[in-house]
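Taking it in order: structure first as structure tokens, then the write-up.
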Ligand SMILES: [Zn+2]
Ligand SMILES: [Zn+2]
């Protein structure tokens, strides 16, 4: 006798619907990647179900046993609920029921969590903070919905009245400030409470989740969609946090669409949710997120949150590029959308996802600066990140106008990311390390100007949050991609302005980076422009005085105390070159046009690091002193190949032999000679570049359309 | 009209025979990996043949234009010759002919090479040293043989009399000391001259190539086979040089076998050549050679020399394990043996190559110590290298009894390898860097004992070559693999003895390393035992005093001048732990059993390095002072996983809680507690362990069969 459970009038009806379930049940008994994923999950859950259910009295904070156990429990209930729907084996529903009933016993006995932070506005009961409790509810309410059809009326009553409703009330009216907050924590709370409203037939809860407790529209899920993303779907804290923020949005939106299709949630704000998912993908290189702000570098597009996001994006659009990402993720989720992805992948429908050059406007209005990504495929897969973006709240770094560069699968000009060993107890309990504040967030840890050895906004995040840079322009055409941004509030009386361009030299099948950094100040300052590179120094074309017997820290504050000064040199007027070799086997030469007044300081991270917490990476700082005004002009040039395995080395030397900077009205003219080929790079810096601009250069009539033109002068 | 060239009475008949050619011609017109390889080579050669032939007057030394051009020419002639045989298109033969005739014009005009080294015993004419000239002949004589059938009698006459015979005579009777030398340079010379003898019907040359110029048997190819390899096929300089040395052996032997099968060259010295090929493969981990001595670390089993070697090995044995290696190499050579490999791969006949635990005896008698490789698959692919091996001539390092450890695809306990950026002009002309002598070769750059901050043999390679360590025993059984070696000549009056074991803890599915290093001296000394690890320090279980504001070099000589002293600590009696995290995402804890008198010095490579030539890797040195006798006892334990991408960290802490060392007669008894499980490790150190040895331990009757036994004490 096979009983058929689960397809009831109204359950399940959150992320997964009854019609999804019917399709999924067919798929698990056929060959295919969906069935494989099912088999894998079943094996994993079966192992866990063979062990006794543990629902411990809450005691430990983040990372501790009871904390981790309750996290494990909600995932287990969710997974077992899915399995029950797919194979209709009541064992799985019973397991979920038994665990829910254990929580029914426990929850009413609980006061606030003993390990909550002192004076915390958002303590939990099962967890030390209510954020975790909201995540618990988002999973548990779905698990409950999935097994609802197999529960007795009595169990339904006690689970709803003694557990799920109290939790939902605790997270909504019990904590108005968190629930109403337009913030990621609020998204989890509104998602949990709203979904509880759907499942337990409390339509008012749904309204409150959408519009805040007073239904004012000042908070709630829709306001979060309005404010937490820019119009292009960029999340202010950067991709590392964006992917984390995505999950409650994707989950609750799917539930809203299944229950209230007339709300057209996926069309809300011109399809903001899809844009947010897509932007998260765009903010990656070679599968890993660009590590701006407090990001852990190994986090990438295979993160579970984005697996859910990509499944939704494919389901909404059927764009085969998302299948490319799904294939990379190699993780099929057991949902209706997951099934669509699995079947499309099995049919071989994937097509390459298109990574593009984009300026992602920052802030809810998209006008708080921008995060700029430039890409080129001319000489392999290259990307440049330029950050005239807003501070990005508490996890933001003091890195206005910084940049990074990627080539052939590797980071070349780097950002330290966060100083943290996630969950490694021996490393400051797995939390952000003290060096995250003292080094990683500081301006000198980035590739942008530091004035008087002080970080931007004097290291004050509140000030930073109020003062975004301006993106003056962004343009992309056949010659490359260019952007210009400035900020006058990072330091009093100092304007920082940077133009960065990723430029194609088509004749040489080469892409280079042009960097023009202008500093104008009302008084004299010391200006430092660091460049953090990954690789081994190959050489410089100027003399270095190297500290061979003893090293000292470069400074005592604002991150300088963490840099060993390895050597220094002051190149004469002309081209100053620094070359390094990256582990990708390619050489990189950074050439500066100097007037003899820039000093180069070579550094290694690791001073004042009593616990060996920092990675010992290399960099150099260009320094000028007592300057009211200075322009740092440079070119980064990838070249050659080092292949000791096959015993050849190609083009280990820079081919840039000439670099001349000039101005002609609003035009910046950079003449370079690369591999003997003279090129003219024209940048239109005028306020409006919407029309074609013609000009004379060495008796030739040239023109620039938009912001950037590149002329191979030999072609005339 | 299609003319059929090339299958003449006697040409080609070196590495490739006429019957090979017939098979290969069939294969190139069918689908398959051989045809693909043919197409690739043809495209490459066609591009070159479209350019004018260049045979410049010799001028430049290694790396310079004329040097590289003549190297390119012999490869081109060889490749074009092969293509001619395969497609019978006379264009290819004509190209070889034209280039040979250009050499016919040039060669008779040449005196010794202008860039030869002063007082050199072995100058060339086309090249600065005759080694390159011999390599030229090995390739060119084959190219000539391949196109012979398409040449006119007049061309044959001028090519033989004005070019090939003079070159062969120059390399044989013209340079007796090189030709007769039992050394890799001699192998190239004898291979070239011997093959020239076969092709140009000079049987005396073959005899001289085999037995030396006087046919005395004191030199020549056979003597080289006798002396350059140990009975197991290990080449004294290590795998980096072994793979290089292989090519002339493999090439000439194949030619001998094709021309004089009655010499049974492949059976010579119990099949030494096949053993040499196989040993080269065994001396690799995850595709890369173990980087002992002057090795460049990225060199691996896909090196062209070993592609030829593996093709021969498969042809001789049809062992499907060689196909596994060939598949990894992903390079099909266009020869009869290459065809066999291609066809077998296409048929899917490959089976996993078996990497084994072996002690490779060193020296021509196999008794000059040994290079020991231990492997375990219990917890993934692990390997330990232990080096009670001989000095290995001029490229050898002062690293007696050093070790290395590999796990999950990465080097964990490392050897610096050679300090060199091959062919990178900016790095000391691409030659071995000065730091290769001053650091990489020195004892402190290795994981073995340094007495009084002086390198083994006081850094004298001549002394080193005369004094090999002794391998006292090697054993491998179900409990793991163990070896013991000693040396009393590295320092006067000091005996160094080390026991290293890779031990399986089956119940825990874990493999650990046991290291017992005994030093016994006639006077008091300072003893340093460095350990160079790859990864980031996670922590120590004892206090460190870290140099946070300033770093100084640890010493002034013998490599110590290149180490920054980052910090120091003196753990109390008991277990002293140092943990690090490798980029493979695994933790490693090194636990020492200390008595409170060992100081730990934490170091980073990079002091006294004015050109940033060294990699800034980490290490620690255990130091005791004023000791006549000391035993360093330690365990290396791989554990856990750091996965910040998936946001979990498992078992970041060492599970080793107990370590007790005892002796009972000839038995060393190590009791450890790992993850709460007590284990007894028994090492039989007696002179003869051929019989089973029974003993009492805590009222239990135990026994050890061979050298090693491991008891899970809970099982009693
Ligand atoms: Zn940063
Ligand atoms: Zn070495």
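Residues to consider are A:430, A:394, A:409; find the one that is away from ligand 1 (no atom under 16 Å from the Cβ), over 29 Å from residue A:688 (Cα atoms) and modelled with pLDDT under 95.
Sole residue among the options that is away from ligand 1 (no atom under 16 Å from the Cβ), over 29 Å from residue A:688 (Cα atoms) and modelled with pLDDT under 95: A:430.
Go through (1) under 28 Å from residue B:388 (Cα atoms); (2) at pLDDT 95 or above; (3) not in a loop (DSSP other than H, G, I, E, B) one by one and return the number of the condition residue B:267 breaks.
(1)
Any residue that is modelled with pLDDT of 95 or more, assigned by TED's automatic domain parsing to the domain that holds residue A:435 and assigned to a loop (DSSP other than H, G, I, E, B) - is there at least one of those in the stretch A:375-389?
For the stretch A:375-389, residues modelled with pLDDT of 95 or more, assigned by TED's automatic domain parsing to the domain that holds residue A:435 and assigned to a loop (DSSP other than H, G, I, E, B): present.
Take the stretch A:28-51 and flag every residue that is closer than 16 Å to residue A:340 by Cα and either part of a helix (DSSP H, G or I) or touching a strand residue (DSSP E or B) at 6+ places or on another chain (Cβ under 9 Å) (or both).
Within the stretch A:28-51, A:28, A:33, A:34, A:35, A:36, A:37, A:38 qualify.
Condition test on residue B:385, is it more than 16 Å from ligand 1 (Cβ to nearest atom), over 20 Å from residue B:356 (Cα atoms), under 17 Å from the mean Cα position of the chain (by Cα) and touching a residue at least 40 places away in the same chain (Cβ under 8 Å)?
Here the answer is no, as residue B:385 does not meet what is asked.
Working only within the stretch B:609-660, note down all residues that are within 14 Å of chain A (Cβ to nearest Cβ), over 23 Å from residue A:64 (Cα atoms) and in contact (Cβ under 8 Å) with a residue 60 or more places away in the chain.
B:609, B:611, B:613, B:614, B:615, B:617, B:618, B:619, B:620
Find the residue count for the stretch A:286-323, including only residues that are under 30 Å from residue A:440 (Cα atoms) and more than 16 Å from ligand 1 (Cβ to nearest atom).
Qualifying residue count for the region: 11.
Scan B:671, B:628 and give me the residue that is assigned by TED's automatic domain parsing to the domain that holds residue B:593 and either more than 20 Å from residue B:600 (Cβ to Cβ) or part of a strand (DSSP E or B) (or both).
Going through B:671, B:628 in turn, the sole match is B:628.
Name the residues in the stretch B:305-342 that are within 26 Å of residue B:384 (Cα to Cα) and within 14 Å of another protein chain (Cβ to nearest Cβ), would you?
B:305, B:306, B:307, B:328, B:329
Considering the stretch B:481-505 alone, what residues qualify as being farther than 30 Å from residue B:655 by Cβ and either in contact with a strand residue (DSSP E or B) (Cβ under 8 Å, 6 or more places away or on another chain) or not in a strand (DSSP E or B) (or both)?
B:486, B:487, B:488, B:490, B:491, B:492, B:493, B:494, B:495, B:496 - these are the residues of the stretch B:481-505 that are farther than 30 Å from residue B:655 by Cβ and either in contact with a strand residue (DSSP E or B) (Cβ under 8 Å, 6 or more places away or on another chain) or not in a strand (DSSP E or B) (or both).
Quickly run through the stretch B:84-138 and pick out the residues that are in a loop (DSSP other than H, G, I, E, B) and either touching a helix residue (DSSP H, G or I) at 6+ places or on another chain (Cβ under 6 Å) or at positive phi (or both).
If the condition is that a residue be in a loop (DSSP other than H, G, I, E, B) and either touching a helix residue (DSSP H, G or I) at 6+ places or on another chain (Cβ under 6 Å) or at positive phi (or both), then B:88, B:119, B:121, B:122, B:124, B:126, B:127 are the ones that fit.
Out of A:429, A:417, A:396, which single residue is within 16 Å of the chain's Cα centre (by Cα) and within 14 Å of another protein chain (Cβ to nearest Cβ)?
From the options A:429, A:417, A:396, the qualifying one is A:417.
Specify the residue that is surrounded by the most Cβ atoms within 10 Å (Cβ to Cβ); the eligible residues are those in the stretch B:21-36 that are in contact with a helix residue (DSSP H, G or I) (Cβ under 7 Å, 6 or more places away or on another chain) and under 21 Å from residue B:76 (Cα atoms).
Only one residue tops the list, namely B:34.
Before we move on, is residue A:404 more than 14 Å from chain B (Cβ to nearest Cβ) and not in a strand (DSSP E or B)?
When the stated conditions are applied, residue A:404 does not pass them.
Looking only at residues in the stretch A:440-480 that are within 16 Å of ligand 1 (Cβ to nearest atom) and part of a loop (DSSP other than H, G, I, E, B), which one is surrounded by the most Cβ atoms within 10 Å (Cβ to Cβ)?
A:446
Please go through the stretch B:599-648 and give me each residue that is over 30 Å from the mean Cα position of the chain (by Cα), closer than 21 Å to residue B:511 by Cβ and crowded, with 18+ Cβ neighbours inside 10 Å, ordered by number.
Within the stretch B:599-648, B:640, B:642 qualify.
If we keep just the residues of the stretch B:435-464 that are more than 16 Å from ligand 2 (Cβ to nearest atom) and touching a residue at least 60 places away in the same chain (Cβ under 8 Å), which is farthest from the other protein chains (Cβ to nearest Cβ)?
My answer is B:451.
For residues in the stretch B:534-546 being facing chain A (nearest Cβ under 9 Å) and farther than 17 Å from residue B:622 by Cα, which is surrounded by the fewest Cβ atoms within 10 Å (Cβ to Cβ)?
In this case the residue turns out to be B:536.
Since residue A:359 meets every condition but one in (1) within 14 Å of ligand 1 (Cβ to nearest atom); (2) in contact with a strand residue (DSSP E or B) (Cβ under 7 Å, 6 or more places away or on another chain), which condition does it not meet?
So residue A:359 meets the others, but not (1).
Quick one: is residue A:363 away from chain B (no Cβ under 14 Å), more than 16 Å from ligand 2 (Cβ to nearest atom) and within 16 Å of residue A:293 (Cα to Cα)?
Yes.
What single numbered condition from (1) touching a residue at least 40 places away in the same chain (Cβ under 8 Å); (2) more than 12 Å from ligand 2 (Cβ to nearest atom); (3) outside any strand (DSSP E or B) fails to hold for residue B:418?
(2)
Do we have any residue at all in the stretch A:351-361 that's touching a helix residue (DSSP H, G or I) at 6+ places or on another chain (Cβ under 9 Å) and over 28 Å from residue A:637 (Cβ atoms)?
Yes, that holds for at least one residue.
Being without any contact (Cβ under 8 Å) to a residue 12 or more places away in the chain, assigned by TED's automatic domain parsing to the domain that holds residue A:337, on the phi > 0 side of the Ramachandran plot and more than 16 Å from ligand 2 (Cβ to nearest atom) is true for just one of A:271, A:287. Which residue is that?
Checking each option against the conditions leaves just A:271.
If residue B:236 satisfies every condition in (1) buried (at least 24 other Cβ atoms within 10 Å of the Cβ); (2) within 18 Å of residue B:14 (Cβ to Cβ) but one, which is the exception?
Unmet for residue B:236, out of (1) buried (at least 24 other Cβ atoms within 10 Å of the Cβ); (2) within 18 Å of residue B:14 (Cβ to Cβ): (2).
Of the numbered conditions (1) within 14 Å of chain B (Cβ to nearest Cβ); (2) farther than 30 Å from residue A:648 by Cα; (3) surrounded by fewer than 22 Cβ atoms within 10 Å (Cβ to Cβ), residue A:596 fails exactly one; give the number of that condition.
Answer for residue A:596: the failing condition is (1).
Regarding residue B:308, is this residue touching a helix residue (DSSP H, G or I) at 6+ places or on another chain (Cβ under 7 Å), more than 16 Å from ligand 2 (Cβ to nearest atom) and under 23 Å from residue B:226 (Cα atoms)?
The answer is yes for residue B:308.
Across the stretch A:265-286, what is the total count of residues that are closer than 25 Å to residue A:208 by Cβ and in contact with a helix residue (DSSP H, G or I) (Cβ under 8 Å, 6 or more places away or on another chain)?
Looking only at that region, the number is 7.
The values are calculated or read from the model by the stated rules, or taken from the named source; none is laboratory data. These figures come from a predicted structure and were not determined experimentally. When we count neighbours, we look across all protein chains shown, and the Cβ atoms used for this are built from the backbone with ideal geometry, even at glycine.
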